[in-house]
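> What follows is a single structure, and I will ask about it in a moment.
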Number of protein chains: 2
Amino acid sequence: MLIAILLFEEITALDAVGPYEVLARLPGAQVRFVGTSRGVVKSDGGLGLSIDHTLSEVTQADMLVLPGGFGARRLARDEQVLAWLRAIDDTTSLTTTVCTGSLLLGVSGLLRGRRATTHWAYHEQLAAYGATPVAERVVCDGKYRTAAGVSAGIDLGLALALELHGRETAEAIQLSIEYDPAPPLQAGSPGQVSTAVRERLHRRARARDSELAWPG
Amino acid sequence: MLIAILLFEEITALDAVGPYEVLARLPGAQVRFVGTSRGVVKSDGGLGLSIDHTLSEVTQADMLVLPGGFGARRLARDEQVLAWLRAIDDTTSLTTTVCTGSLLLGVSGLLRGRRATTHWAYHEQLAAYGATPVAERVVCDGKYRTAAGVSAGIDLGLALALELHGRETAEAIQLSIEYDPAPPLQAGSPGQVSTAVRERLHRRARARDSELAWPG
């Protein structure tokens, strides 16, 4: 099973690494990190991630993973990337996204008429691409699997492990990464925090929008 | 606040990226990725991560983060690395580990007489370094913070955010990465799975031990 994960400048690293850490442990998985050119891209917090294959070198995949991050806005204006997305999606059994990766998929037109999710602060933008935003951790519609913000990619990976290889394999992978979450606070969804905290993050998202808007 | 994160060949990527994704969002945080030589190292599932600074270039840090993974066994036999660990630990306010990163710290002698944790399959090895293994998600002893396996680094990061910057900042970071975990199964700790699944992973850990043992 060939799994292509798209990397790019100003990606949010955990969007990619969460599902990767699970999917790379699937029996028979071959993971390829693909992008517009080979070499190191800097994620939005400074960590460098390596692109090993160019878009033209990866024209088929069983599974596609689209992470999000500020840089996805730039890809959403790159016709070469959008054409590659549509073409590789024609070859996949599963096309998946994490966080604002679903907006990139939305720009490509592939979520039109579908239920999907994204980072909680971007549901409206997802609707602008003809998708029906759903406030769930992982949303399935046909062969599409979209996950909520950043850390939701781990849950996406485990849901895919369960779907593709069954309970025992999914359990073994979850135990191998000791995924028994215990955050010190309950603040991972918008309804769990004060209006002040939520508004602060909303304002930051809108500031990024005015820096470089999502198209459409 | 200067945060040094150690990277190396055959690291488990999520061990580093979990805390990184949280800590890079702390006000005033400067994150440096450090290792024995500059350039890309391959994590154990194939993702390349970039080392931007050599050990000799980073001689002081406010916080040290030691991730784990198979490659940590090699570092544990490298006197240059162990000397660097002891020297930089002399400068830190907080020395932290994820997964088998605590075994590396143990080899360096810095966990002797302390309560600490590690990946669930390696508690015995931690005891061999004079630490008292504790089956908790994040263990605090003095300035040392050790986290359980792989994904526990996210919880470590949030615990540090809360400790250093208080509740509102920790909540804002947790919400920004939408850390509201919802795995499809409950299998993240040894007691939640069948003996068969647990034994399979134990056997795999022991096979890695016979390939390259932890020293001591």
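The values are calculated or read from the model by the stated rules, or taken from the named source; none is laboratory data. Since the model is a prediction, treat every value here as computed from it, not as a measurement. Cβ placement follows ideal geometry from the backbone for every residue including glycine, while neighbour counts extend to all protein chains displayed. For accessibility, only protein heavy atoms count, side chains too; no ligands or nucleic acids. Shrake-Rupley method; radii C 1.70, N 1.55, O 1.52, S 1.80 Å.
> Ignoring ligands, DNA and RNA, please state the percent of accessible area on segment A:58-216 from carbon and sulfur, probe 1.4 Å. Could the numbers behind the result be given before it?
Values: 2790 of 5770 Å².
Answer for segment A:58-216 is 48 percent, counting heavy atoms of protein chains only.
> Per residue, how much space in cubic angstrom lies within the convex hull of the C-alpha atoms of segment B:72-111? Intermediate results must be reported in sequence, preceding the final value.
Details: hull volume 2.2 nm³, N = 40.
Taking only Cα atoms, segment B:72-111 has a hull volume of 54 Å³ per residue.
> Considering the convex hull of the alpha carbon atoms of segment A:44-163, report its projected area averaged over all viewing directions, in nm², one decimal. Working shown, then result.
Working: hull surface 28.9 nm².
With every direction weighted equally, the projected area is 7.2 nm².
> Given the options A:CYS140, A:SER176, A:ALA127, identify the residue whose Cα lies farthest towards the positive end of the charge dipole of segment A:115-187 (+1 on Cβ of Lys, Arg; -1 on Cβ of Asp, Glu).
Checked the options; the winner is A:ALA127.
> In a GNM of chain A with a 10 Å cut-off on Cα contacts, which of A:ILE177, A:ILE11, A:ILE88 has the highest mean-square fluctuation?
A:ILE177
> Counting only other residues whose beta carbon sits under 12 Å from that of A:GLU9, what net charge do I get with K and R as +1, D and E as -1?
Values: positive: A:LYS42, A:ARG73, A:ARG74; negative: A:GLU10, A:ASP44, A:ASP78.
Once positives and negatives cancel, what remains is 0.
> What ratio of Cα Rg to 2.2 N^0.38 Å holds for the protein assembly as shown? Display every interim value, and only then the final one.
Numbers: Rg = 20.4 Å, N = 432, 2.2 N^0.38 = 22.1 Å.
Computed over Cα atoms of the protein assembly as shown, the ratio equals 0.93.
> Looking at chain A as a GNM with Cα springs under 10 Å, which of A:GLY28, A:GLY48, A:GLY113 has the largest mean-square fluctuation?
A:GLY28
> If you place +1 on the Cβ of every Lys and Arg and -1 on the Cβ of every Asp and Glu, how big does the dipole about the Cα centre of the protein assembly as shown come out, in debye to the nearest 20? Walk me through the intermediate numbers first.
Values: 42 positive and 48 negative charges, 24 e Å.
That gives the protein assembly as shown a dipole magnitude of about 120 debye.
> Given a Förster distance of 45 Å, report the FRET efficiency between A:GLN186 and B:ARG32 from their Cβ-Cβ distance, rounded to the nearest 0.05. Let's see the in-between values first.
Numbers: r = 32 Å, r/R0 = 0.70.
Once the sixth-power term is evaluated, E becomes 0.90.
> Next up: Please enumerate, by chain and number, the aspartates and glutamates with C-alpha under 16 Å from the C-alpha of A:LYS42, excluding those fewer than 8 residues away in the same chain.
Of all the aspartates and glutamates, those that pass the test against A:LYS42 - Cα under 16 Å, at least 8 places apart if same chain - are A:GLU9, A:GLU10, A:ASP15, A:ASP52, B:GLU21, B:ASP52.
> By the scheme Lys and Arg +1, Asp and Glu -1, what is the net charge of all other residues having a beta-carbon under 15 Å from that of B:GLY45? It would help to have the intermediate numbers written out before the result.
On the way: positive: A:ARG25, A:ARG32, B:LYS42, B:ARG204, B:ARG208; negative: A:GLU21, A:ASP52, B:GLU9, B:GLU10, B:ASP15, B:ASP44.
Around B:GLY45, the surrounding residues sum to -1.
> Give me, ordered by chain and number, the residues 5 or more places off A:THR97 or on other chains with an amide H under 5 Å from its own placed amide H.
Answer set, sorted by chain and number: A:LEU66, A:ARG145, A:THR146, A:ALA147.
> List, largest first, the extents of the alpha carbons of chain A along their principal axes, each in whole Å.
46, 41, 36
> GNM, chain B, Cα, under 10 Å: largest mean-square fluctuation among B:ASP180, B:ASP90, B:ASP62?
Ranking B:ASP180, B:ASP90, B:ASP62 by mean-square fluctuation puts B:ASP180 first.
> A:SER210 to A:THR54: extension gain in nm, 0.36 nm per residue of separation minus the Cα-Cα distance?
Details: separation 156, 0.36 × 156 = 56.16 nm, distance 3.02 nm.
My answer for the length gained is 53.1 nm.
> Chains A and B: what accessible area do they bury, summed, in square angstrom to the nearest 100, with a 1.4 Å probe?
Working: alone 10200 and 10200 Å², together 14970 Å².
Between A and B, the summed buried area is about 5400 Å².
> Separate question: How many nanometers, to one decimal and shortest first, lie between the label point of A:ASP90 and those of its other copies, if labels sit 7 Å from Cα toward Cβ?
Computed spacing set for this position: 6.4 nm.
> Sort shortest first the distances from A:ASP209 to its counterpart in every other copy, using label points 7 Å along the Cα-to-beta-carbon line, and give them in nm.
For A:ASP209, the inter-copy label distances come out at 5.5 nm.
> Compactness ratio of segment B:99-216: Cα Rg over 2.2 N^0.38 Å, N = residue count?
On the way: Rg = 15.8 Å, N = 118, 2.2 N^0.38 = 13.5 Å.
My calculation over the Cα atoms of segment B:99-216 gives 1.17.
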